[in-house]
Every structure is written in C-alpha cells, then in structure tokens.
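The values are calculated or read from the model by the stated rules, or taken from the named source; none is laboratory data. Everything numeric in this text was worked out from a predicted model, so none of it was measured. Cβ coordinates were reconstructed from backbone atoms using ideal geometry, including for glycine residues, and neighbour counts include every protein chain displayed. Just the protein is used for accessible areas: all its heavy atoms, side chains included, with ligands, DNA and RNA removed. Shrake-Rupley method; radii C 1.70, N 1.55, O 1.52, S 1.80 Å.
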Amino acid sequence: MPITTFRDLLAHLDARGELARVKRPVDPAYELIAVLRRMQKGPNDALLFDAPRGSPTPVATNVMSRRRTLAATLDIDPARMLPEMVARESRTLPCEAVERAPVQQVVIEGGKLDVARDVPQVVHCERDAGAYVTAGIFIARDPATGVYNASWNRAQLAGGDRMRVRMMPPQHLGQYQAAAEAAGKPLPCAVVIGAPPAVMIAAASKIPYEADELDTAGAWQGRPLRVVPCKTVPLMVPADAEMVIEGEVVPGLREEEGPFGEFMDGYVEVGRNHVFRATALTRREDAIYHVILAGGTEDLALLSLMLQTEVYKRIQPIARVRDIGMPGQILGCVVAIEKTSDEQARAVMLAAMAAHPWMKIVIVVDADVDPHDSEDVLWAIHTRCRPDSGVHVAPGVPSFPRADIKPVHSGKLAIDATVPMSMRDVLKRRRFPGIESIDLADYVTRPSS
Ligand SMILES: Cc1cc2nc3c(=O)[nH]c(=O)nc-3n(C[C@H](O)[C@H](O)[C@H](O)COP(=O)(O)O)c2cc1C
C-alpha cells in the first residue's frame, strides 16, 4: 500500500522505530537544526519536535531521509526504484477533487495573517537572514496552458503577508513567473507544507515542462491525488497536506533575500529576489510543520532520486543497469552496470555526464559493487581503475550553474572502475559462504553483558 499523507508517513516511521520524539522545549532558532544535524550524522532517524518555543505547531523533519523510505511511500521494491519510477511516470492519473479537506480545518485570511507568528520561525545556519520556510512546495499553473507544476523553494519569512523567494528560469516555476510578469500579472501560488510523499517526490523531479506534476504524483503513488480548491487563489492543492500558504508573486517587485546556508555547505549571498504576498494560511487543526535542512540527508535523498532517474533514462538503452547511487553529494553519480564490453563503460560515462548539467563526476562500477556505499565505490576505484586509460576529463563543460562558484564547476570527470573484460577471472571478487545469515549477536558477548 502506498503512503499518501504526511501523517501516515510519520506513523510508518514510528512503526519501524525510525521516528524520534523530542518532548523538551527547543529553540526554533539554531537549536532545532543543530539537533537535526547531529541526528543526520547517525542514526539519521526522523524527528518530531513536540514543543519548539513560541511555535504555533509541532515540527517534523528528516522524514524522507532514506531511499528505502521514499520507495516505501510509493510501494516500490527499493531494488526496482529507478525502472519503476520511469515506468509509472507515463501513467499519469488525474487528480480527484474534494470539497472539504483536512488542510482547510483552520483558515487565517488576508489582513489577520502574520507569517512571522503563524508559521514556525525556524532559523537554520549562523549567517542566515532569518527564519525560512525550507520544506515548502510551490504549486503554480502555467499561465498559458494551465498545467500544474510543483517545486521546492526556500522562502524567507519577512513578516506580515510577505515572503521572499528566488524563482528563475530554467526552473519551471521561474518560467511561469517570467511569463506572468511579462503580461504585467501576478502569479497565483500556493506553498504546501507537510505534503503527501508523492508530491514531495514530484516537486523535486525534472519531468518535462508540459507534464502536469500533480497528475504525475498520482501516477507515482498509484492512486489519484486528492485536491481541494484554495480559499483565495485559483489553484487546487493537496487536500491531505498539513498547511498551505496561499498567495501571489508580485510582478515587477524584488527585495533583498539571503544570505542562506545552502546544500553544498556554503551560503547563497544576498540577492534581489521575488516577493510572495500571502492571501491566506490554511491548515489542519493539529497541523505538523515540516522542515528540511538544505544539503542534509532528507534534501539529498529527494534530489538524488530525481537525478538518478534522469541518469537512468539515458543509460538504460546502453547497458544493463544494476542501480545508480550518489553517496556523499549530488554533483555526480555512481553507475553500477553488468558490463558486456570495455567500450560500453565509456558510452555509459558519456551518457551519464550528459544526462544532467550537475553530473560533474561520474564513476562506473561493476554490478558486484554497491553504488550507494562510498567505501565499496572507493574500493572499486583502488582495485579496478586503470588511471592511464580509465580516467576521462571533459574540459570546459559547465556543471553547477551558480555564477559566483562557476570556476570550481567547470569541466567534467569520469572514472571507469570496472574490471577490464580480459581480467574478469583474475580479478573476480572473493566470497564468504554463509555471511548473509550471520547475526553477530548470536556469536559474540561483550564484557558488560
Ligand atoms: C528541500 C528542497 C529545497 C529546494 N529549494 C530550492 C530553492 O530554493 N530554489 C531552487 O531553485 N531549487 C530548489 N530545489 C530544487 C528544485 O525543487 C528542483 O530542482 C525542482 O526539480 C525544480 O522543478 P521545476 O523545474 O519543475 O520547477 C529544492 C529541492 C529540495 C528537495
């Protein structure tokens, strides 16, 4: 069964012993994120903060921090994640409209709304400009076609009815906003927090401009997404979400936004970015607010699934793919293939580098290497790569496009860490019969027990 609401996801994690509860008061500025950061270093469980000081709601975070959790929400076998994502993407399911929705149990309209009071004020990093919404999914419609787009965007909570957001083409939301602005019109938007898991995955994905991302979310979860009309803007939003901030992006207006601690562990400096004017906040009576740390395990799990799917689409016609991993960061990938010729590994490297601009470093390994395990991947590089013929540099090809850090993202690197076909026998990996069924607790005793 797929998991179709945020609170069902929390219940799933709880049942697996992967939800940790924080009952003591915690400061939403810095302390909450410091606890999360510690948790992400291990054991990387989800966290539910019952009582952040001064917060109108509890706060949940790290709920999508494992690939197997993402797979469970869509009811997919983790080993079949990428082929299944691609197969389902084409089977879009139209949304199911409902009239009454849990997300509209409480409605705070217009002049009564203050985003500095009605939204938890979570501050993440030392130099951040203040409190941000970091797990907000922006829902908007293409002004020309009406197609729905969902995308994650950070939003600075400026106070009153104002938030500040960066939205730039080629991001689809940026394209919608530019089109609306060129016509002198505001862009209606709704920011969904505590969304159904399939919507979280759709919001990170790079599905084509023409595709409706809410219908694709339905396809991924295998049942239509329940949606309800917003109270103040002409948009449908997920009926079972925890909170929605309705509003519009004001045309022709920019304000200073940032700095903000971003996903590569540095900062995005101050920029003149777009202004979102909130027209209403709707939520469940007992809403739980979702927070994501940029560059943390949850952010990277969501983004890497989207990138892996794009790489898989390009490679699957060339080679039999065991899986694709992105251990450590998401500016590169490890592709595990069942190689049938030495040339095939080269073709895979080229295709992976071209699959997405961010693919700066590509490593190809054999199917007996776990592409999600950085130690196993390094083992393959140490023991199987031939540096004099297995390392390829594509100079001058841009990868991550941010202007101020462009020099370190110029050029691409590919490493062939597969065994040469002629050495398959001599480099065959050794096995330890019976190891799969060994539980150390059945064998060892510790001095204290
Ligand atoms: C938690 C999270 C936060 C994100 N924040 C931003 C952001 O602030 N700005 C941005 O351009 N992309 C951000 N992204 C990436 C976009 O959501 C992602 O690239 C998405 O595919 C864009 O979709 P679109 O091109 O369909 O609009 C974020 C992703 C995640 C998972």
* Structure fact -> Looks like the chain, by Cα gyration tensor root eigenvalues a ≥ b ≥ c and the a/c under 1.5 rounded cutoff (else prolate when a/b is bigger than b/c, oblate otherwise), is prolate
* To do: Net charge near Val26: determine it from the other residues with C-beta under 15 Å of the C-beta of Val26, scoring Lys and Arg +1 and Asp and Glu -1.
  => +3
* To do: Rank these residues by their accessible area, most exposed first, probe 1.4 Å: Lys339, Lys41.
  => Lys41, Lys339
* Structure fact -> So the carbon and sulfur contribution to the accessible area of the range 317-423, 1.4 Å probe, in percent, is 60 percent
* Dipole of the range 78-292, positive end: most advanced residue of Ser151, Met163, Tyr176 [Cβ charges, Cα centre] -> Tyr176
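Take the residue pairs Lys23/Lys112; Lys41/Lys428; Lys313/Lys412; Lys339/Lys406; Lys206/Lys406; Lys206/Lys412 and return only those whose Cα atoms are more than 27 Å apart. Spell out each step's value before the answer.
Working: Lys23/Lys112 30 Å; Lys41/Lys428 34 Å; Lys313/Lys412 20 Å; Lys339/Lys406 34 Å; Lys206/Lys406 22 Å; Lys206/Lys412 21 Å.
Violating the 27 Å Cα-Cα cut-off are Lys23/Lys112; Lys41/Lys428; Lys339/Lys406.
Could you tell me which of rounded, prolate or oblate describes the range 1-151, using a ≥ b ≥ c as the square roots of the eigenvalues of the alpha-carbon gyration tensor, with rounded for a/c under 1.5 and, failing that, prolate when a/b is larger than b/c and oblate otherwise?
The shape class here is oblate.
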* Per DSSP, loop trypsin sites (Lys or Arg not before Pro) in the range 64-153 with at most 12 further Cβ within 10 Å -> Arg91, Arg100, Arg127
* Asked: In debye to the nearest 20, how big a dipole does the chain give about its Cα centre with +1 on each Lys and Arg Cβ and -1 on each Asp and Glu Cβ?
  -> 400 debye
* List, in order, the whole-Hz ³J(HN,Hα) value for each residue of the range 235-244 obtained from phi through the Karplus relation with A = 6.51, B = -1.76, C = 1.60 and θ = phi - 60°; use x for Gly and Pro. => 9, 9, 10, x, 5, 9, 5, 8, 8, 9
* Structure fact -> Calculated from DSSP helices alone, with each H run of at least 4 adding -39500 (n - 2.57) and the total divided by the residues of the chain, [θ]222 nm to the nearest 500 comes to -7500 deg cm²/dmol
* Asked: When DSSP assigns beta bridges and you keep just the ones with both residues in the range 78-292, what percent turn out antiparallel, to the nearest 5?
  -> 95 percent
* **Rounded to whole Hz, the Karplus (6.51, -1.76, 1.60) HN-Hα couplings of the range 79-86, x for glycine and proline** => 5, 10, 4, 6, x, 5, 4, 5
* For every other residue with a beta carbon closer than 13 angstrom to the beta carbon of Val227, add +1 if it is Lys or Arg and -1 if Asp or Glu, then tell me the sum. => -2
* Structure fact -> Of Tyr209, Tyr289, ordered by accessible area with the largest first and a 1.4 Å probe, the sequence is Tyr209, Tyr289
* How much solvent-accessible surface does Lys231 expose, in Å² to the nearest 10, with a 1.4 Å probe and all protein chains in place? -> 110 Å²
* To do: Determine the share of the range 4-49's accessible area contributed by carbon and sulfur atoms, expressed in whole percent, with a 1.4 angstrom probe.
  => 50 percent
* **Sequence of Glu126, Glu210, Glu18, Glu269 from largest to smallest accessible area, 1.4 Å probe** => Glu126, Glu210, Glu269, Glu18
* Compute the Cα gyration tensor for the range 339-449, then decide on rounded, prolate or oblate, letting a ≥ b ≥ c be the square roots of its eigenvalues: rounded whenever a/c is under 1.5, prolate when a/b is larger than b/c in the other cases, and oblate in all that remain. => oblate
* Structure fact -> The local net charge around Leu74, scoring Lys/Arg +1 and Asp/Glu -1 for residues other than Leu74 whose Cβ lies under 14 Å from its Cβ, equals +2
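So for the chain: antiparallel DSSP bridges make up what percent, rounded to the nearest 5?
Expressed as a percentage, antiparallel bridges in the chain total about 70.
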* Asked: So what is the accessible area of the chain per residue, in Å², with the probe set to 1.4 Å?
  -> 44 Å²
